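Q: One structure, as C-alpha cells, below. Some questions next.
The values are calculated or read from the model by the stated rules, or taken from the named source; none is laboratory data. Quantities reported herein were computed from a predicted structural model and do not represent experimental measurements. A quick note on method: Cβ atoms are made from the backbone with ideal geometry, for glycine too, and the neighbour counts reach across all protein chains shown.
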Amino acid sequence: MKEFFVPVLLQLAGVIIIIAEIFLPSGGLLSLIAAGLFGYSLFIVFHDISTMAGTYFVLADLFMIPVLVVVGLKILARSPATLRETLSSDRGVVSQSPELGNFMGCEGKSVTDLHPGGTAIIDDTRVDVVSRGEYIDKDSNLIVVEVTGNQIIVRKK
C-alpha cells in the first residue's frame, strides 16, 4: 500500500491543477503541468508496481478527468465569476439606435469617398455609411436604401 502513496499523491495534484485551470486561465500551462503529473504517476505505477495497477490508474483517469472538467464547468457557470445577465429587447437593450430607422429613404451627400465605407450628411446629420461594395466619390448625392443593425447602406442617386 505504501508504494501507491506517491502515484496517488501525483494524481490528486493533477486533479487540483485541472480544477485550478478551470478557474485560472493560464493558456494551457496548468493543463500541461497536470498532464505531466498524470503521466509521471502512470509511469511510476507501470514501472514500479504492476501493469494491472497501471491499467486501473489509466481507467480511473479516463473516467475522472472528463467528469472533473464537466463538474468544474458547471461550478464555474454558477459562480459569481460568470455573467448571468441576458441582454434582450424585453429588458430595453437594442443593438440599433432607434433614430437610425428614420434615415430610411432619406437623401444626403457624401462627405468622404465611400470605398465602401465613409461619412455622409443625411438630414443635416453626419453619419457613417456604407455602400454595397461600389466606390462613391466625395460630394455625391446619396439615397439610403437599407438600415440594418448599426449600418446605414446607401447608393448613388
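Q: Yes or no: residue 37 at pLDDT below 85, within 15 Å of residue 20 (Cα to Cα) and of a type outside the set (Gly, Ala, Ser)?
A: no
Q: Can you list residue pairs whose Cβ atoms sit under 6 Å apart, with the first residue in segment 123-136 being in the same structural domain as residue 105 (by TED's automatic domain parsing) and the second being of a type in the set (S, T, N, Q) and surrounded by 17 or more Cβ atoms within 10 Å (Cβ to Cβ)? Count only pairs 6 or more apart in sequence or on different chains.
A: Once the first residue is in the same structural domain as residue 105 (by TED's automatic domain parsing) and sits in segment 123-136, its partners that are of a type in the set (S, T, N, Q) and surrounded by 17 or more Cβ atoms within 10 Å (Cβ to Cβ) give 136/110.
Q: Now for a separate question. Determine whether residue 142 is outside the structural domain of residue 15 (by TED's automatic domain parsing) and within 30 Å of residue 15 (Cα to Cα). It would help to see each step written out before you state the result.
A: Numbers: outside the structural domain of residue 15 (by TED's automatic domain parsing): yes; within 30 Å of residue 15 (Cα to Cα): no.
Criteria not met by residue 142.
Q: Of these, 130, 147, 67, 154, which one is modelled with pLDDT of 80 or more and closer than 30 Å to residue 24 by Cβ?
A: On the way: 130 fails: closer than 30 Å to residue 24 by Cβ; 147 fails: closer than 30 Å to residue 24 by Cβ; 154 fails: closer than 30 Å to residue 24 by Cβ.
Criteria check complete, one pass: 67.
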